[in-house]
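**Student:** I have a structure here, written as structure tokens, and I will follow up with some questions on it.
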Amino acid sequence: MAIRPMNVAVVGATGAVGVEMIKTLEKRNFPVKELRLLASARSVGKTALFQGREYPIQELTPDSFQGIDVALFSAGASVSREYAAHAVKAGAVVVDNSSCFRMDPQVPLVVPEVNPEDVKKHQGIIANPNCTTIIMLVAVKPLYDLSRVRRIIVSTYQSASGAGAKGMDELLQQTRTVLAGGKAEPKVFKWPYAFNVFSHNTDIGENGYNTEEMKMVNETRKILHDDAIGVCPTCVRVPVLRSHAESVVLEFQDKVSLEEALEAWKKAPGLTIVNDAASNHFPMPCESNEQYNVLAGRLRYDLSTPNSLAFFLCGDQLLKGAALNAVQIAELL
Ligand code: A2P
């Protein structure tokens, strides 16, 4: 059956994720009839290329969504809060990359490899999960299907792209400055980013976990429909441009062997196994950058407790962590 071409809007079209959304729509041959690129008034006059044609960046207003079928939002939670309702009112389905609606019980939170059926429950808005949660669950879900996971202990190594184009610029600028003998001057982040590692830049709550970590806890439960699963995250920024890495330990209800786990990963959508112990070749950002698939490997038994496996993964934060996942959701529609 041929797919009906759709009128698509990208909100935040000049941002790090928005640019990747446009590229992903093109690369995946998404059936676009009309493309409307929206950003702030600051960007009016700029253009972006799609299928060899230049499209003007238009200012986002409440009237931007007439005739739009699908609106991909990636301009931050406050923009989504203000404008998503206008898009829905105009008849569009919103796929929102911000945290604004993720925990709203009316809004499905979807990783297409994990819970595609949840898309059907939407009432106009579908939320794209947090990047660290998306890439983790692409690797966890095939193993969860072998035996229920009781507990996840995860440490993240997060890239600058999670803070948008300005975060990436800050890392590049500071690296140049330090290499030239200067001192890194933090602007976007509180701490020096070049040649440094620091706890994730979101606020720490009373329970000692920062907002990014609590996203991993709550979103994992919602996506897996498992309120009992325990998640203990430690989220950290590392000076990498666009891929997140994660060290993950899973405690299962029953024993899962390495062979069973690898077999499940081999069949898993969206995942590439990088697990070559002989040559010490495991997932790395330099190999996951600009890739659609999550790389997973370094798979081993957790020797400290029964029924537990440890592994490492990497995924492109801008693609599977954001733009690709959003376009895949639109494809499900
Ligand atoms: P603009 O470039 O015009 O500021 P990033 O996450 O890489 O920083 O990108 C954020 C995206 O969100 C950009 O496209 C930015 O547009 C857009 N944006 C930010 N604030 C607004 C706003 N108030 N209205 C529309 N777009 C916005």
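The values are calculated or read from the model by the stated rules, or taken from the named source; none is laboratory data. Since we're looking at a predicted model, the values are computed, not measured. Reconstructed Cβ throughout: ideal geometry from the backbone, glycine too, with neighbour counts over all protein chains shown. Accessible surface areas use protein heavy atoms only, side chains included; no ligands, DNA or RNA. Shrake-Rupley method; radii C 1.70, N 1.55, O 1.52, S 1.80 Å.
**Student:** Of all accessible surface on the stretch 142-211 at a 1.4 Å probe, what whole percent is carbon and sulfur? Write down the numbers at each step before the final one.
**Tutor:** Details: 2190 of 4090 Å².
After summing per-atom areas, the C and S share lands at 53 percent.
**Student:** Here is a further query. Can you run phi through the Karplus equation (6.51, -1.76, 1.60; θ = phi - 60°) for the stretch 111-121 and list ³J(HN,Hα) in whole Hz, with x for Gly and Pro?
**Tutor:** 10, x, 6, 10, 9, x, 5, 5, 3, 4, 7
**Student:** Pull up the cross-link candidates among the lysines for LYS320, meaning alpha carbon to alpha carbon under 16 Å and not fewer than 8 places away within one chain.
**Tutor:** Of all the lysines, those that pass the test against LYS320 - Cα under 16 Å, at least 8 places apart if same chain - are LYS23, LYS27, LYS141.
**Student:** Determine which lysines satisfy two conditions relative to LYS166: a Cα distance under 19 Å, and not lying fewer than 8 residues away in the same chain.
**Tutor:** Candidates past the 8-residue exclusion: LYS46, LYS183, LYS187, LYS190.
**Student:** In addition: Give the separation of the Cα centroids, the stretch 178-198 to the stretch 212-273, in Å.
**Tutor:** When both Cα centres are located, 30 Å separates them.
**Student:** State, as an integer percentage, the relative contact order of the chain based on alpha-carbon contacts under 8 Å between residues 6 or more apart.
**Tutor:** Numbers: 746 pairs, mean separation 59.9, N = 333.
The normalised contact order for the chain reaches 18 percent.
**Student:** Relative contact order for the stretch 193-333: what percent, with Cα pairs under 8 Å and sequence separation of 6 or more?
**Tutor:** On the way: 215 pairs, mean separation 31.5, N = 141.
Computed value for the stretch 193-333: 22 percent relative contact order.
**Student:** Only helical DSSP H runs with n ≥ 4 go in: add -39500 (n - 2.57) per run for the chain, normalise by residue count and round the 222 nm mean residue ellipticity to 500 deg cm²/dmol. Spell out each step's value before the answer.
**Tutor:** Working: 8 runs with 92 residues, N = 333.
So the helix-based figure for the chain works out to -8500 deg cm²/dmol.
**Student:** Follow-up question, since we're still on this one. Could you tell me which residue out of ALA48, THR24, VAL10 lies farthest along the dipole of the stretch 1-135 toward its positive end? Charges go on the beta carbon: Lys and Arg +1, Asp and Glu -1, centred on the Cα centre.
**Tutor:** Going by the Cα projections, it comes out as ALA48.
**Student:** What does the highest-first list of 46-58, 101-113, 132-144, 153-165 look like by mean Cβ count within 10 Å? Each step should come with its number before you reach the end.
**Tutor:** On the way: 46-58: 13.6, 101-113: 18.9, 132-144: 25.4, 153-165: 21.9.
The most tightly packed comes first, giving 132-144, 153-165, 101-113, 46-58.
**Student:** Give me the dipole magnitude in Debye, nearest 20, for the chain about the Cα centre, with unit charges on the beta carbon: positive for Lys and Arg, negative for Asp and Glu. Could you put the intermediate results ahead of the total?
**Tutor:** Working: 34 positive and 36 negative charges, 96 e Å.
So the dipole magnitude of the chain works out to roughly 460 debye.
**Student:** Moving to a separate point now. How much net charge surrounds ASN289 when only the other residues with a Cβ under 10 Å from the Cβ of ASN289 are counted, with Lys and Arg +1 and Asp and Glu -1? Don't jump to the answer; show the numbers that get you there.
**Tutor:** Numbers: positive: ARG242; negative: GLU287, GLU290, ASP316.
Net charge in that neighbourhood comes out at -2.
**Student:** While we're on this one: Given the C-alpha centroids of the stretch 292-333 and the stretch 44-95, what is the distance between them in whole angstrom?
**Tutor:** First find each Cα centre; the distance between them is then 29 Å.
**Student:** Over the stretch 39-135, calculate the relative contact order: mean separation of alpha carbon pairs under 8 Å at least 6 apart, over the residue count, as a percent. List each step's numbers first, then the result.
**Tutor:** On the way: 164 pairs, mean separation 20.1, N = 97.
21 percent.
**Student:** Looking at PHE252, ALA264, LEU241, which one has the Cα that reaches farthest to the positive end of the dipole of the stretch 206-289 (charges on Cβ: Lys, Arg +1; Asp, Glu -1)?
**Tutor:** Towards the positive end, the residue furthest out is LEU241.
**Student:** At a Cα cut-off below 25 Å, give the lysines reachable from LYS89, other chains included and same-chain residues fewer than 8 away excluded.
**Tutor:** Leaving aside lysines fewer than 8 places away in the same chain, those within reach of LYS89 are LYS33, LYS120, LYS121.
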